[in-house]
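The values are calculated or read from the model by the stated rules, or taken from the named source; none is laboratory data. Everything quoted here is computed from the prediction, not taken from an experiment. All Cβ positions, even for glycine, are placed from backbone atoms using ideal geometry, and neighbour counts span all protein chains on display. These area figures cover heavy atoms from the full protein model, side chains too; ligands, DNA and RNA do not enter into them. Shrake-Rupley method; radii C 1.70, N 1.55, O 1.52, S 1.80 Å.
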Amino acid sequence: GGTVVVNGGVVVTSLIVDKGCEACAPFPRDIMKWTEGIYRDAFSQMIDSTQFALRDHDYVFQDRKVGGNAQSIVKDKWIHHTSFLWDFDEADMRYLTLPEKRPEYRGDRSHDDFLAKLGALSGVDAGEGALKLA
């Protein structure tokens, strides 16, 4: 996985789901596709959600990353954790290097060219955005 700089502009979500949930099989790809639909619906109030998608393991708006994920699947439950990039200080990106292993769609783009702020796209601040996603 990647490194995340977490500050007041990152909206963190976690879905804890019983493995018996009929809406989603407890497997990584199934979970990712299912949550893509959930978040696309949630974002429809804020952005052109037709531009929101799952690409590799990232949530993107057009071709820029707006969220990263982690999952854990255990005996009777699974958790899907996302860090949405609502607002961030570009200066904080200096702590992040271009990872050796990265998705093909990223290419060699710098963080400035690869990441997008959901707050700027939506006109909604992080606090209000978190409430809308709840």
Q: Using the heavy atoms of the protein chains and a 1.4 angstrom probe, tell me the accessible area per residue for the chain in square angstrom.
A: 57 Å²
**Q.** Count of lysine pairs in the chain with Cα separation under 29 Å (8 or more residues apart, or interchain)
**A.** 18
Q | Cα lying deepest toward the dipole's positive end in the chain, options Thr35, Ile79, Ala120, charges on Cβ | A | Ile79
(Q) Please compute one quarter of the surface area of the Cα convex hull for region 45-122 and express it in square nanometres. (A) 6.5 nm²
Q) When the accessible area of the chain is split by element with a 1.4 Å probe, what percent falls to carbon and sulfur? A) 51 percent
Q: Would you mind working out the magnitude of the charge dipole of region 65-129 relative to its Cα centre, with +1 at each Lys and Arg C-beta and -1 at each Asp and Glu C-beta, to the nearest 20 Debye?
A: 400 debye
Q: Can you tell me the 0 to 90 degree angle between the C-alpha axis of helix 28-43 and the longest principal axis of the chain, rounded to 10?
A: 70 degrees
Q: Can you send over the solvent-accessible area of Arg94, 1.4 Å probe, protein chains only, in Å² to the nearest 10?
A: 150 Å²
Q.
Let me check something: with ligands and nucleic acids excluded, how do Glu90, Glu104, Glu36 order by accessible area (1.4 Å probe), largest to smallest?
A. Glu104, Glu90, Glu36
Q. What is the dipole size for the chain, taken about its Cα centre, with +1 at each Lys and Arg Cβ and -1 at each Asp and Glu Cβ, in debye to the nearest 20?
A. 360 debye
Q. For the chain, what is the calculated [θ] at 222 nm in deg cm²/dmol (nearest 500), taking -39500 (n - 2.57) for each run of four or more DSSP H residues and dividing by its residue count?
A. -6500 deg cm²/dmol
Q. What is the spin-label model distance, in nm, from Glu104 to Gln45 if the labels are put 7 Å beyond Cα along the C-beta direction?
A. 3.7 nm
Q) For a label point 7 angstrom out from the Cα of Arg55 toward its Cβ, which stretches of region 105-134 have the backbone nitrogen within less than 14 Å? A) 105-117
Q. Gap in Å between the Cα centre of region 50-98 and the Cα centre of region 5-44?
A. 11 Å
